[in-house]
Amino acid sequence: MTTHPRPAGPSISAAALDLFRKVSTATLTTQMFKRGFRNVYVRRVTRLTVDAWEQEQLEAFVLERIRNGAALPGTYPPSDSTRAAYEEWRRKQ
């Protein structure tokens, strides 16, 4: 992964980053555009996209398990045993 220098200015709180991880960059940019921001460039997106990809993989695994008859509690949100099974599933992919 390429490391970019941190931009000058206020840092983003951990709580804000958690919120940003739940939306796409397109959604974020659209909302900023609606509020009057123009020529907005989202910086440091690489890490968020890696996290989003990882979340997509976990959700695909969980959905597959539920379709195969696994009970929802413990499968989602994933318990420790579900996470261990997910890691094994990823190794086989």
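Pop a pseudo-label 7 angstrom from the Cα along the beta-carbon direction at both residue 22 and residue 60 and give the gap in nm to one decimal.
If labels sit at residue 22 and residue 60, their model points lie 2.4 nm apart.
Mind checking the alpha-carbon convex hull of region 48-93 and giving the volume per residue in Å³?
Details: hull volume 3.3 nm³, N = 46.
Dividing the Cα hull volume of region 48-93 by its residue count gives 71 Å³.
Throughout, read-outs are computed from the coordinates displayed, never taken from laboratory work. Everything quoted here is computed from the prediction, not taken from an experiment. All Cβ positions, glycine included, derive from the backbone under ideal geometry; neighbour counts span all protein chains shown.
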